[in-house]
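Here's the structure we're looking at; comments come further down.
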Amino acid sequence: MHVAIIMDGNGRWAARRGLPRTAGHVQGAKAVRRIVEAAALADIATLTLYAFSCDNWGRPPGEVAALLRLLRRSLLTETGHCAESLVRVNVIGRRDRLSPDLLRAIEHCERMTAEGSRLNLRIAIDYSARHSILQAARSGLAGAGGEERQFLQRMDEVNHSALATEGVDLLIRTGGEKRLSDFLLWECAYAELYFTDCLWPDFDADGLHQALSDYARRQRRFGRVPETADAAL
Ligand code: IPE
Ligand code: IPE
Ligand code: MG
């Protein structure tokens, strides 16, 4: 099962407490650790987390710097823990605009956790779904023979990950907004969508389990009719 999460609401979490937005991001990083552990226990195969979007560069420079610093620090401090708990980390998104420091932390984390077999953790940094799709299309493979498989392979390469072709089963967005904000537009073709008002720093294992049990009650049809409908014909 592939679960993707738009981790939204850090700024509002902080504002409600009279704290600077960056305090919300620090708290949000703690929620990431909780949810990664809960996901591994819940037998989720792939978890994709939206950490920083291409459009997030448009935030005040101080917030952007704090976010990227926090990402780098979290990657460095969590690498050992992820390797021990067999969590394989891959970062998806653009790499041409990240600082050498952050790039080194990403590459180190990916290398050290490459053997992980329990959970594929994909972290989207400087990510835009439209950009990924455009890059894949531009690479020319989409036109060469028009093979969907080749196109998907190209999507993998563009996303620096061998996993991007797996469709998302469940997309969760915290923070109350009901939009995709340029996240995994391709992979979410048939994703079940789950929105919660819970702000990301407050999201915990219980929240994840609620989303999973809601998902378990959904009937996925993929454009077809349910098998039981045959009997009714
Ligand atoms: C999500 O929280 C974190 C990132 C986008 C990096 P926000 O910072 O968007 O928090 P709100 O939506 O302003 O509350
Ligand atoms: C989406 O949240 C990006 C991440 C969670 C990293 P935003 O807060 O940036 O999205 P909008 O602005 O509400 O659409
Ligand atoms: Mg937001």
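Worth pointing out:
- On full extension, the segment bounded by Arg218 and Ala45 gains 60.4 nm, given 0.36 nm per residue less the C-alpha separation.
- Rolling a 1.4 Å probe across all protein chains gives Trp13 an accessible area of roughly 30 Å².
- Each residue of region 19-26 is assigned a 3J(HN,Hα), and the resulting list reads 9, x, 3, 4, 4, x, 5, 4 Hz, derived from the Karplus form 6.51 cos²θ - 1.76 cosθ + 1.60 (θ = phi - 60°), x at Gly and Pro.
- Net charge dipole size for the chain [Lys, Arg +1 and Asp, Glu -1 on Cβ; Debye, nearest 20]: 680
- Additional length obtainable on full extension of the chain from Asp96 to Glu115, 0.36 nm per residue less Cα span: 4.2 nm
- Placed amide H near Ile123: partners under 5 Å, 5+ positions off or other chain: Leu49, Asn90, Val91, Ile92
- In the chain, the calculated helix contribution to ellipticity at 222 nm averages -14000 deg cm²/dmol per residue, counting -39,500 (n - 2.57) for every DSSP H run with n ≥ 4.
- Karplus-derived 3J(HN,Hα) values for region 66-82, using 6.51 cos²θ - 1.76 cosθ + 1.60 with θ = phi - 60°, are 5, 4, 5, 5, 5, 4, 4, 4, 5, 4, 5, 6, 8, 4, x, 4, 5 Hz; glycine and proline are entered as x.
- Net dipole in debye of region 50-148 [+1 Lys, Arg Cβ; -1 Asp, Glu Cβ; about Cα centre; nearest 20]: 220
- Separation of region 89-121 and region 35-87, taken as the distance between their Cα centroids, equals 10 angstrom.
- Ranked order, Thr228, Thr46 - accessible area, probe 1.4 Å, largest first: Thr228, Thr46
- Gyration tensor (Cα) of the chain, equivalent ellipsoid semi-axes in angstrom: 28, 23, 18
- For the Cα trace of region 1-137, dividing Rg by the Kirkwood Rh returns an Rg/Rh value of 0.96.
- Approximating the spin labels as points 7 Å out from Cα along Cα→Cβ, the Ala189-to-Arg34 distance works out to 3.6 nm.
- Ranked packing of 213-220, 124-131, most packed first, by mean Cβ within 10 Å: 124-131, 213-220
The values are calculated or read from the model by the stated rules, or taken from the named source; none is laboratory data. As the structure is a prediction and not an experimental result, all values here were calculated from the model. Neighbour counts are summed over all protein chains in view; Cβ atoms, including those assigned to glycine, are modelled from backbone coordinates with ideal geometry. Just so you know, the surface numbers come from the protein's heavy atoms only, side chains and all, with ligands and any DNA or RNA stripped out. Shrake-Rupley method; radii C 1.70, N 1.55, O 1.52, S 1.80 Å.
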